[in-house]
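Participant: Quick one: the structure is below, questions incoming.
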Amino acid sequence: MTNWQNDLPPIARERLARIGELTGEEKEKLADREKVDSLLSEFYRGNLEPESLWKRLREEDKPSLLRETQIRLVDGLSLGAAAGEMHKRREGVLAIETLKEDQNTSVVELNLNLLENLQKSYRGEIEQAYNSIKAEVERNPQLRVKQVQQGQNTALVQLTVDEAIKQLPQWQEFLSRQDKRYSQEFARLIEKLKTELR
């Protein structure tokens, strides 16, 4: 045992001895995971565009890295992601798909389109509801006033239109329903897309 292992409690040393060495397959998977982590770290920081990611994976010439990288890109998608981020990940997933021997590009692209369309619908409905409530708040000045307790006194505080909207129960309930409904559908589409990445 090396020195650091001698400092461990006896139970920990015993467990460590039982674990043993990693198999060749485990070592290879670990190395692959580190390669994917490194590539995606550069990709997320903006140092690697989809085309460059494609080139680097093509140079690796290792099919197991392709699916792993795609799955990790898809796992990072979210309903609230910025449109630019969504597009970049989409392009990355599609670029990687073209490197596969058994490509499923049209089905993968269709599923990515469904995700983007769902995201657009989500944002569009929120914007439409916000504008509708905004018009109501602008017409009714009483909705822009809030009572605030200050010690034993209460004071009226003038809110901006945006602040007033965000405090309305109907707005909060709407957002909650939207998030729940769209998040469930988004998660379903993500799982469907992952099954298409073979």
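Participant: Any residue in the stretch 71-87 that's at positive phi: show its pairings with residues that are not in a loop (DSSP other than H, G, I, E, B) at Cβ separation under 9 Å, as long as the two are six or more apart or on different chains.
Facilitator: none
Participant: Could you grab the pairs with beta carbons closer than 7 Å, sequence gap of 6+ or different chains, first residue in the stretch 103-123 and touching a residue at least 60 places away in the same chain (Cβ under 8 Å), second one acidic (Asp, Glu)?
Facilitator: 104/97; 104/196; 107/196; 108/97; 108/196; 111/196; 118/185
Participant: Moving on. Say we look at the stretch 55-75 and pick out the residues that are of a type in the set (S, T, N, Q) and buried (at least 17 other Cβ atoms within 10 Å of the Cβ); which of these is nearest to residue 192 (Cα to Cα)?
Facilitator: Of the stretch 55-75, the ones of a type in the set (S, T, N, Q) are 64, 69-70.
From the residues that got through so far, the ones that are buried (at least 17 other Cβ atoms within 10 Å of the Cβ) too are 69-70.
Working: 69: 17, 70: 13 Å.
My answer is 70.
Participant: Residues 189, 197, 143: which one is crowded, with 16+ Cβ neighbours inside 10 Å, at pLDDT 95 or above and either in contact with a helix residue (DSSP H, G or I) (Cβ under 7 Å, 6 or more places away or on another chain) or of a type in the set (Ser, Thr, Tyr) (or both)? Step through it out loud before you land on a result.
Facilitator: Details: 197 fails: at pLDDT 95 or above; 143 fails: at pLDDT 95 or above.
Only one candidate passes the filter, namely 189.
Participant: Quick one: which helices (runs of 4 or more DSSP H) sit completely within the stretch 1-74 and have at least 2 residues that are within 27 Å of the chain's Cα centre (by Cα) and modelled with pLDDT of 85 or more?
Facilitator: Values: elements: 3-6, 10-19, 24-45, 50-60.
Qualifying helices (runs of 4 or more DSSP H): 24-45, 50-60.
Participant: Take residue 52 and tell me if it is hydroxyl-bearing (Ser, Thr, Tyr), surrounded by 11 or more Cβ atoms within 10 Å (Cβ to Cβ) and under 30 Å from residue 175 (Cβ atoms).
Facilitator: Working: hydroxyl-bearing (Ser, Thr, Tyr): yes; surrounded by 11 or more Cβ atoms within 10 Å (Cβ to Cβ): yes; under 30 Å from residue 175 (Cβ atoms): no.
No.
Participant: Out of (1) of a type in the set (A, V, I, L, M); (2) over 30 Å from residue 76 (Cα atoms); (3) within 25 Å of the chain's Cα centre (by Cα), the odd one out for residue 129 is which?
Facilitator: (2)
Participant: Further question on the same structure: All but one of (1) surrounded by 12 or more Cβ atoms within 10 Å (Cβ to Cβ); (2) within 30 Å of residue 41 (Cβ to Cβ); (3) at pLDDT 95 or above hold for residue 117; state the number of the condition that does not hold.
Facilitator: Tallying (1) surrounded by 12 or more Cβ atoms within 10 Å (Cβ to Cβ); (2) within 30 Å of residue 41 (Cβ to Cβ); (3) at pLDDT 95 or above, residue 117 fails exactly one: (1).
The values are calculated or read from the model by the stated rules, or taken from the named source; none is laboratory data. Being a predicted model, the structure only gives us computed values, none of them experimental. Every residue, glycine as well, gets a Cβ built from its backbone with ideal geometry; the counts of neighbours run over all protein chains shown.
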